[in-house]
1. May I ask you to list the residues in region 35-81 that are under 30 Å from residue 148 (Cβ atoms), crowded, with 21+ Cβ neighbours inside 10 Å and of a type in the set (Gly, Ala, Ser)?
2. In region 22-34, how many residues are small (Gly, Ala, Ser) and open to solvent by 10 Å² or more (accessible area, probe 1.4 Å)?
3. Filter region 154-179 for residues that are of a type in the set (Ser, Thr, Tyr) and surrounded by fewer than 17 Cβ atoms within 10 Å (Cβ to Cβ) and give the result.
4. Among the residues of region 108-127, is any crowded, with 18+ Cβ neighbours inside 10 Å, modelled with pLDDT of 90 or more and not assigned by the TED database to the domain that holds residue 155?
5. Is one or more of the residues making up region 132-150 farther than 27 Å from residue 64 by Cα, modelled with pLDDT of 95 or more and touching a helix residue (DSSP H, G or I) at 6+ places or on another chain (Cβ under 6 Å)?
6. Among residues belonging to region 180-208 that are surrounded by 15 or more Cβ atoms within 10 Å (Cβ to Cβ) and of a type in the set (Lys, Arg), point out the one that is nearest to residue 93 (Cα to Cα).
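The values are calculated or read from the model by the stated rules, or taken from the named source; none is laboratory data. Just so it is clear, the structure is predicted and the values come from calculations on it, not from any experiment. Note: ideal-geometry Cβ built from the backbone for every residue, glycine included; neighbour counts use all protein chains shown. The protein model used for the area step is the full one, side chains on, heavy atoms only, and it has no ligands, DNA or RNA in it. Shrake-Rupley method; radii C 1.70, N 1.55, O 1.52, S 1.80 Å.
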Amino acid sequence: MTRRQYTARKRAVTAAQTRARILDAAQELFVTHGYSRTTLQQIAQHAGVSVGSVYQAGSKAALMMAVLERGFTGDEKFVSLLERPDFVAIMSDDDTDRAIRRYIDYVTEANSRIADLWHAATLAADTDPAIGEQLERSELRRLDDIHTGCHWFVHRNLISDNQVDEFSDILSHVTSPTTYRYFTVERNWTATRLNGWIRTSISAALEG
């Protein structure tokens, strides 16, 4: 490896580490202080970087969406959930009941990481058009993924083609971060109890 390649690689690693610190700081402040009350200056101070570095990382709305995406899927690059290897592995399980259980576990765990962030972003959307537009775009992608994914239930002979729209509506609701937060934060349910309720709700919808 040439010195130039080594230097470029080192810079890339440093930049990635800086961005990770910025996102970590933004996530903590958005949850503890609220999105609207958090400034880029505060994020910079909390991350231990310059304000210029935070500006280069993106707008406040972009940072919020980055930490949401990172929290749900593990990285901030948007890739349809249906195309992520870990999710594909779940849906490829030959045992249908086990695949559904694994899917619910996956979504419940992901929602546990982003529910408070999602709530903070939703509150901010009332006064900040930028975050409102980003949230709407994210929600539309989520709904589209779920609707497309519902054809898996058709292929497994659990529902018919004409039931996809209604089943998608049900699945979208029971697996949303808003629903997760309502039960676990506002109603003090454990994640295990919520997981069981989601399974029961899906089973009822499939039998209906």
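1. Those that are under 30 Å from residue 148 (Cβ atoms), crowded, with 21+ Cβ neighbours inside 10 Å and of a type in the set (Gly, Ala, Ser): 66, 71.
2. Here is the first cut: in region 22-34, the ones small (Gly, Ala, Ser) are 25-26, 34.
Next, from what is left, pick out any that are open to solvent by 10 Å² or more (accessible area, probe 1.4 Å): 34.
Of the residues in region 22-34, 1 are small (Gly, Ala, Ser) and open to solvent by 10 Å² or more (accessible area, probe 1.4 Å).
3. Listed by number, the residues that qualify are 160, 178.
4. The answer is no, given that none of the residues of region 108-127 is crowded, with 18+ Cβ neighbours inside 10 Å, modelled with pLDDT of 90 or more and not assigned by the TED database to the domain that holds residue 155.
5. Among the residues of region 132-150, at least one is farther than 27 Å from residue 64 by Cα, modelled with pLDDT of 95 or more and touching a helix residue (DSSP H, G or I) at 6+ places or on another chain (Cβ under 6 Å), which makes the answer yes.
6. 199
Here's the yes/no breakdown for (1) closer than 20 Å to residue 143 by Cα; (2) touching a residue at least 40 places away in the same chain (Cβ under 8 Å); (3) not assigned by the TED database to the domain that holds residue 147:
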site	(1), (2), (3)
32	no, no, yes
38	no, no, yes
49	no, no, yes
52	no, no, yes
63	no, yes, yes
84	yes, no, no
